[in-house]
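Q: Starting off with a structure, shown below.
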Amino acid sequence: MQESNEKDILTMSVEEMFVASQESYEAAQQRAIEESKSFSKTEFFRMDKLGTYHLRVLPIAPSADGRCDRLGYEYPVRQILMELIRPGATPTSKASSVYVSVTRATDSGFSVDLIDTYRKLAVAAANDRDDEKLAEKIGGGSFGGGLKYGYGHVMYIIDLDERAKGIQMLTLSHSQFKELDERKFKLWQKKLSKSPGFPCPISSVYNGYAVEIEKRKNGGKTEYVVDIDHVSDSIALTNEELAKLMAAPRIPEIIYRYNRYLYEATIEFLKQCDAKFEMNIMDSLDMKYAIDKLGEELPKDDKSSFSFDKRAKDSRGNATESAGISLDDLFIRQEELEQQKLGDKSPEYQDLRAMIRTYIEQEKLDIRFTRGTSNKDLLDMIEEALKQAPESAPDDPQGEDAQDEVQSSERRRR
């Protein structure tokens, strides 16, 4: 058989060889989609201003062969923002904070998660010494100094007020998602009673209605009201939008990324938790087993590593500032302060202020940090400074981060 193939090749003319190796339309289209994924930037949508946002929720894109690993429009995600204290370079220099966002490792396909393991052991240890207050703190969310992962839902959307900006990624809190889901099913039932087989009323290609999210003040509290505009006509997605959705990075590739850099950063973070909580959880057999097991499961070719002395370019993904705090992190904390009515005297307000200072230093922004400037004003100043930042050199990874923030902030302004 092999001899026959070799004989055929020898008898083919040069012209015939080129014709036989020509790329088909389907193959060229698939190659273009795969290559475009490598260069596409993920834009993040944030509701940072009061008012009503009109969004078109996008369905989960299938693979090139038409298969889909998950039906619907969203992926759940559990993440936590870790604050690591970087010691001063000299005995007299001041310590600073480094912020790293990490996804739960078990959601990324690994068998164990270090933070979940530590949290369980630490809560038990606090209860053993009758410190209910500490146990409650450790078991709670990161905003109060705890180790519970935040739970959200990630989806691709199009901002209908600025449709030309294309596909953006939106993260809803679990409560916001549940409200949207309840309204979706209520509307869906009505549609099915009149038209059997009616597709999802918010994410289907041709029959999706606009989702409206109103951000408003209720006294001193910020609240979000979710609704579906089924009075207006449904909004069909264009062929161009569908092509861009096919070419966009798949959501799991962004939100479920976990590597050795994050593994090592988490270990350092938990060591500091031991010191803060006055515990020795990291020396326990259960914790050591979890650390060893997860370390063995990481890909052997993963050469990323965590260090306080460098911002590792290979640790930063398309979606998150794994090696530092992002502007989106700051806005999330600001919204949490507003929702909980926490003023400038609260520890949480001061923690956010420290994060803002760290971000300004991290991005080398020319912003004067004064006592009389509120956190909200500082965030506005940061957005303005990022807009005016000069375009960075291609080999400047820190500058690339700043440029990504500029694109994100321009999208947020209305």
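Derivation of every value follows stated rules applied to the coordinates shown; laboratory data play no part. It should be emphasised that the depicted structure is a prediction, and the values quoted were computed from it without experimental measurement. Note that each Cβ is placed from the backbone with ideal geometry, even for glycine, and that neighbours are counted across all protein chains shown.
Q: Say each of residue 232 and residue 339 gets a label point 7 Å from the Cα, pointing the same way as Cα to Cβ; how far apart are those two points in nm?
A: Taking the simple label geometry, residue 232 and residue 339 are separated by 2.6 nm.
Q: Grab the other residues whose beta carbon is less than 12 angstrom from that of residue 376, score K and R as +1, D and E as -1, and report the net.
A: -4
Q: Please compute the net charge surrounding residue 185, taking Lys and Arg as +1 and Asp and Glu as -1 over other residues with Cβ under 13 Å from its Cβ.
A: +3
Q: Describe numerically, in nm with one decimal, the distance between label points set 7 Å from Cα along Cα→Cβ at residue 240 and at residue 151.
A: The two pseudo-label positions are separated by 4.0 nm.
Q: Quick check for me: using +1 on Lys/Arg Cβ and -1 on Asp/Glu Cβ, what's the dipole size of segment 42-306 about its Cα centre, in debye to the nearest 20?
A: With only Lys, Arg, Asp and Glu charged at Cβ, the dipole is about 480 debye.
Q: Can you give me the distance in nm between label points at residue 297 and residue 276, each placed 7 Å from the Cα along the Cα-to-Cβ direction?
A: 2.5
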